[in-house]
């Protein structure tokens, strides 16, 4: 009888081990936020969806957590796909980073992306992100409501936005990591010697614009940085236009664009950059010369300004090896924030 009881006990213990060994999983709350800062005459939505990743144990711990604000790319939105949530859980389980909250808000617009910028016609997206979103999180979730416990990151357009917001708001975000950032400078397909502006000059309607890519990006730049209510059908100005077959540069518009491109923002934001705890960016070697050139330019300008930062070109494309368990997010970006954010006391 004792032998049978012992075997039964061992069986029950063995049966319970796999259950107890299962790693805890985080949860995702899809919230929403209305902002008066987004009120605009062009019909862009002023209530935005917000996805919030809450780490394993959030519901029962009673603790407060640091927050990483993740900015999505052009044509993206707030969606946290299951595989991305798995990557976040994986990073915590493997102790790549201590438990944290991650936030991503929907900034997809009728022109496919706000570029996290204040536009007098299309909404103040930078202010929405820096003030409304951060205040909402601190008021409604158990955050550590301090700049030293806030980091900002993003991919592509989101990497651009992360750098821009960090450069403007070191009193809100203490550290920044840009994953393959774009829109840092006017180079390659963004520039006058590409075919982009000739293609744009031939597009007459919003419907035609939808079928393009780089012309659509230029309109997004224009609506973000040089909106013009008197210039239909796109209601913005661009720095290079065609008059017949001749390319004409509009210096006043070019200056507006450069005021919003991080390569040209460094000198005016030196004191802010010096206040940041840490700055990092990376980019794939095979992302295309547009990305590699502008990222290298930005890093060199930071170096020339004596701004300490980390910059890495790795083997990959603009999208490869980022959102996977062996990718840049769990192995580079999240450990960066584990090193530089204040996680409070346990």
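The values are calculated or read from the model by the stated rules, or taken from the named source; none is laboratory data. Keep in mind the model is a prediction, meaning the values are calculated, not measured. Every residue, glycine as well, gets a Cβ built from its backbone with ideal geometry; the counts of neighbours run over all protein chains shown.
For the list (1) closer than 21 Å to residue 43 by Cα; (2) out of contact with any strand residue (DSSP E or B) (no Cβ under 8 Å at 6 or more places or on another chain), I need the number of the one condition that residue 224 fails.
Here residue 224 meets the rest and fails (2).
What are the pairs with Cβ atoms under 6 angstrom where one residue, in region 54-72, is farther than 12 Å from residue 99 by Cβ and the other, located anywhere, is in a helix (DSSP H, G or I)? Sequence gap at least six, or different chains.
So the pair list comes out as 71/158; 71/161; 71/162; 72/158.
Do we find a residue being within 23 Å of the chain's Cα centre (by Cα) and either assigned to a helix (DSSP H, G or I) or at positive phi (or both) anywhere in region 235-257?
Checked region 235-257: at least one residue is within 23 Å of the chain's Cα centre (by Cα) and either assigned to a helix (DSSP H, G or I) or at positive phi (or both).
Mind checking which residues of region 153-175 are surrounded by 20 or more Cβ atoms within 10 Å (Cβ to Cβ) and under 15 Å from residue 342 (Cβ atoms)?
Listed by number, the residues that qualify are 170, 173, 174, 175.
Look at residue 110 and say whether it is in a loop (DSSP other than H, G, I, E, B) and surrounded by 24 or more Cβ atoms within 10 Å (Cβ to Cβ). Before you say what the answer is, go through the steps one by one.
Details: in a loop (DSSP other than H, G, I, E, B): yes; surrounded by 24 or more Cβ atoms within 10 Å (Cβ to Cβ): no.
No.
Check 294, 274, 300 and return the single one that is over 25 Å from residue 188 (Cβ atoms), outside any strand (DSSP E or B) and out of contact with any strand residue (DSSP E or B) (no Cβ under 8 Å at 6 or more places or on another chain).
Within the list 294, 274, 300, the selection yields 274.
Suppose we keep only residues that are within 30 Å of residue 300 (Cα to Cα) and touching a strand residue (DSSP E or B) at 6+ places or on another chain (Cβ under 8 Å) within region 192-201. Which one would you say is surrounded by the fewest Cβ atoms within 10 Å (Cβ to Cβ)?
Ranking the qualifying residues of region 192-201, first place goes to 192.
Where residues in region 57-77 are over 21 Å from residue 340 (Cα atoms) and more than 19 Å from the chain's Cα centre (by Cα), which of them is surrounded by the most Cβ atoms within 10 Å (Cβ to Cβ)?
That would be 58.
Collect the residues in region 230-259 that are out of contact with any strand residue (DSSP E or B) (no Cβ under 9 Å at 6 or more places or on another chain) and buried (at least 20 other Cβ atoms within 10 Å of the Cβ), keeping them in residue-number order.
234, 238, 257
Just to be sure, is residue 185 closer than 30 Å to residue 330 by Cα, crowded, with 21+ Cβ neighbours inside 10 Å and out of contact with any helix residue (DSSP H, G or I) (no Cβ under 9 Å at 6 or more places or on another chain)?
It is false that residue 185 is closer than 30 Å to residue 330 by Cα, crowded, with 21+ Cβ neighbours inside 10 Å and out of contact with any helix residue (DSSP H, G or I) (no Cβ under 9 Å at 6 or more places or on another chain).
Can you name every residue in region 202-225 that is in a loop (DSSP other than H, G, I, E, B) and either touching a residue at least 40 places away in the same chain (Cβ under 8 Å) or surrounded by 22 or more Cβ atoms within 10 Å (Cβ to Cβ) (or both)? Steps first, answer last, please.
Kept after step one, since they are in a loop (DSSP other than H, G, I, E, B), are these residues of region 202-225: 202-205, 211-213.
Those that are in a loop (DSSP other than H, G, I, E, B) and either touching a residue at least 40 places away in the same chain (Cβ under 8 Å) or surrounded by 22 or more Cβ atoms within 10 Å (Cβ to Cβ) (or both): none in region 202-225.
When region 35-67 is examined, which residues are found to be modelled with pLDDT under 95 and assigned to a strand (DSSP E or B)?
The answer is none; no residue qualifies.
Hey, could you check region 76-107 for residues that are part of a helix (DSSP H, G or I) and touching a strand residue (DSSP E or B) at 6+ places or on another chain (Cβ under 8 Å) and say which is farthest from residue 32 (Cα to Cα)?
At the first step, the residues of region 76-107 found to be part of a helix (DSSP H, G or I) are 82-93.
Those left that are additionally touching a strand residue (DSSP E or B) at 6+ places or on another chain (Cβ under 8 Å): 85, 88.
Values: 85: 19, 88: 22 Å.
My answer is 88.
Could you list, ordered by first residue, the pairs with Cβ atoms under 6 Å in which the first is in region 277-299 and closer than 21 Å to residue 336 by Cα and assigned by TED's automatic domain parsing to the domain that holds residue 328 and the second is crowded, with 19+ Cβ neighbours inside 10 Å and modelled with pLDDT under 90, at least 6 apart or interchain?
283/291
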